[in-house]
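The values are calculated or read from the model by the stated rules, or taken from the named source; none is laboratory data. Predicted model only: the values in this text are computed from it and were never measured. Don't worry about glycine lacking a Cβ; one is built from the backbone with ideal geometry, like all the others, and counts go over all protein chains shown. Remember, those area values only see protein heavy atoms, side chains included, never the ligands or the DNA or RNA. Shrake-Rupley method; radii C 1.70, N 1.55, O 1.52, S 1.80 Å.
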Amino acid sequence: METYEQFIHCHETFLCYLKGDAIAGAISYTKENGQLLICRIVVHPDYFRQGIADALLHALQLHGDWVKISVSTGKMNQPARNLYEKNGFIHKEDVEAAPLLFISIYEKKHSFYVCHDK
């Protein structure tokens with residue numbers, strides 16, 4: 001329910017999935033201290049069930065260096081929960097964000113760490 005102005009100034013980085021000239025899907029994130037926070041992932045209904053959300057998650061993981069990725073979704077949003085779990089995200093907790101509105105928090109950590117010599 002954000003305005004165009006709020007959207008334009010949201011300070012998120014977007015990766016888009018194109019089908020021809022159409023934006024079939026997008027994922028946005030913020031990054032702080034090596035941690036990525038997925039803010040939104042969307043797929044246009046015309047392109048549902050074509051692996052676009054998976055492709056966006058994979059692209060994000062290849063995009064820059066990170067130690068941990070976090071994401072949240074509605075507790076009852078089983079398709080989103082399945083997507084994250086299928087892609088190696090671990091369910092951390094459920095939180096009551098508002099009265100009777102629960103969200104599930106997921107995390108994924110790198111299986112390796114980059115070491116730098118001094």
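Some points to look at:
- Scanning region 103-113 for residues being open to solvent by 100 Å² or more (accessible area, probe 1.4 Å) and either modelled with pLDDT under 60 or among the polar types (S, T, N, Q) (or both) gives a total of 3.
- Among residues that are of a type in the set (Gly, Ala, Ser) and in a strand (DSSP E or B), Gly88 is not included.
- Looking only at region 1-33, and only at residues there that are of a type outside the set (A, V, I, L, M, F, W, C) and assigned to a loop (DSSP other than H, G, I, E, B), the one that is least open to solvent (accessible area, probe 1.4 Å): Glu12
- For region 48-68, the criterion of being in contact (Cβ under 8 Å) with a residue 12 or more places away in the chain, in contact with an Asp or Glu (Cβ under 7 Å, 6 or more places away or on another chain) and open to solvent by less than 50 Å² (accessible area, probe 1.4 Å) is satisfied by at least one residue.
- Criterion violated by Met76 - all others in (1) among the aliphatic types (A, V, I, L, M); (2) closer than 28 Å to Asp94 by Cβ; (3) part of a strand (DSSP E or B) satisfied: (3)
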